[in-house]
Each structure stands twice: as C-alpha cells, then as structure tokens.
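Engineer: Before anything else, here's the structure in question.
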Amino acid sequence: AEPEQTEPRRQELSVSQFGVVMAGYRLPQATDGDVLALQVAGMVLSGGTSSRLHHRLVGGKLADEIGGQVLVRHDGGLLVAFARFTGEAAPVEKALIGEIDRLVRQGPSAVELRRAKGQILAAAWLGMESATGLANQIGVSWGLTGKPAGFLADLAALEKLGAADLRRATGKYLARNRLSLVLAEPSGPAAG
C-alpha cells in the first residue's frame, strides 16, 4: 500500500495546444461511510453546468471546459477535478483549488446539496430501468462492497445526507495536504 500522503504533490508536464490543471485526492475504500458524501461533493464541484467549477472557471472565462469524477474502488478510490484552458495557468489553478477549498470550508448550499443528490438519484434510477442496468448495479455493488443490494442502502442513506456530512468528509479527504496536482501549460498554436 502507498504510504499516507502528508503534503501536497505537484507534477508539471508539457502539452501542445491547450493546458490542463488536474487535482486528485485519494479516497477511502468503497465500504467507508464517507464515500457517499464524497460522491455528492464531486457532483457539487463538477456535476454539469450548474456546478461550482463550471460557474467559476468556464463562466469566469478562465477555462474552456471543466470536469471531474469520483472513482469508487474496493481498496480506495480517487476524486479528480480538472480544467482545460488556453490562457495563463496560474489563475486557473488558483480558481480550481480555491473552489475545492471553499467547499471544504463552507460546505454546500442547500440548493447545491439538493441538486447534487438529485443528480445521483436520477442516474441510479435511470440505470435500473432495464434488467441489464439493474444487473449492473447489483454487480458493481457486490464487487465493491460484498453486498449485492448495498446500492439500495446507499440510495436510502443519500436522502439523510446533510451539509455537515459533506463538510466532515471533505475536510478529511479533500484537505490541501492530500492534493496531487498535475499541471500542463499550453504550448502549441492554440495557446494564448
């Protein structure tokens, strides 16, 4: 197992045409009670055009595109958030990390929490519309947690999840000392 991370990590790469800032945070194993809150936090940060990163970076004309994903895994996962840009890297990095830090400090608003939970519920129910989708949900739940119907308990727990749960989980797992940052400066013809 990789040793516990105690300070931020930074890796700078060269890339052509556009730049990328990517922030990653190691997450606990799938059976950990904080995983659901971290999935909701991922939606608040990067779940569509109403997300914090979209408003701050794309709406603020700092980035052309943002994205993110919470990868839940049996032995530990990863939360990743990124921004693609063609201008200066420093303001993009500052804004992306700033929004993650703000979520850790302040937690989500009531509207953000409701929207993120709704996005997760909608995706789950949509995924169970067919026999194949339901089988997939059962298989993923079984593989990650050892509980074939565990995803149903997660959906019930999602209803009870509050802003304080997100602040606690993000404070533990999205702390600055756990950040791994990859930065690729724009260097090709589209740069600038």
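Each value in this text was obtained by applying a stated rule to the coordinates, not by laboratory testing. From a predicted model like this one, the values you see are computed outputs, not experimental measurements. Every residue, glycine among them, receives a Cβ derived from its backbone with ideal geometry; neighbour counts consider all protein chains shown.
Engineer: Please list, or write none, the lysines whose alpha carbon is within less than 19 Å of the alpha carbon of LYS61, excluding same-chain residues fewer than 8 places away.
Structural biologist: Once the sequence-local lysines are set aside, what remains near LYS61 is LYS94.
Engineer: Computed from these coordinates, which is semi-axes √(5λ) of the Cα gyration tensor in Å: (i) 39, 18, 16; (ii) 62, 11, 11; (iii) 30, 18, 17?
Structural biologist: Evaluating semi-axes √(5λ) of the Cα gyration tensor in Å on these atoms matches (iii).
Engineer: Please label the shape of the range 42-102 as rounded, prolate or oblate, based on the square roots a ≥ b ≥ c of the eigenvalues of the alpha-carbon gyration tensor (a/c under 1.5 means rounded; beyond that, a/b larger than b/c means prolate, else oblate).
Structural biologist: Cα axes put the range 42-102 in the prolate bin.
Engineer: Among residues other than THR31 whose Cβ falls under 14 Å from its Cβ, what is the net charge (Lys/Arg +1, Asp/Glu -1)? Let's see the in-between values first.
Structural biologist: On the way: positive: ARG73, LYS147; negative: ASP32, ASP34, ASP75, ASP154.
Surrounding charge for THR31 is -2.
Engineer: Let me ask something additional. Note down the net charge around GLY146, summing +1 for each Lys or Arg and -1 for each Asp or Glu among other residues with Cβ under 15 Å from its Cβ.
Structural biologist: Its environment carries a net charge of -1.
Engineer: Tell me the label-point distance for the pair ARG9, GLU129, using the 7 Å Cα-to-Cβ offset, in nm and rounded to one decimal.
Structural biologist: Once both label points are built, they end up 4.0 nm from each other.
Engineer: Among the lysines, which fall within straight-line cross-link reach of LYS147, defined as a Cα-Cα distance under 21 Å, with same-chain neighbours fewer than 8 residues apart omitted?
Structural biologist: By straight Cα distance, LYS147 reaches LYS160.
Engineer: From the mean inverse distance of alpha carbon pairs (Kirkwood) and the Cα radius of gyration, derive Rg over Rh for the range 100-192.
Structural biologist: Ratio of gyration radius to Kirkwood radius for the range 100-192: 1.12.
Engineer: What is the packing order of peptides 37-44, 127-134, taking the mean over residues of other C-beta atoms within 10 Å and listing the highest first?
Structural biologist: Peptide ranking by packing, descending: 37-44, 127-134.
Engineer: If you place +1 on the Cβ of every Lys and Arg and -1 on the Cβ of every Asp and Glu, how big does the dipole about the Cα centre of the chain come out, in debye to the nearest 20?
Structural biologist: Values: 21 positive and 19 negative charges, 98 e Å.
For the chain, the charge dipole is close to 480 debye.
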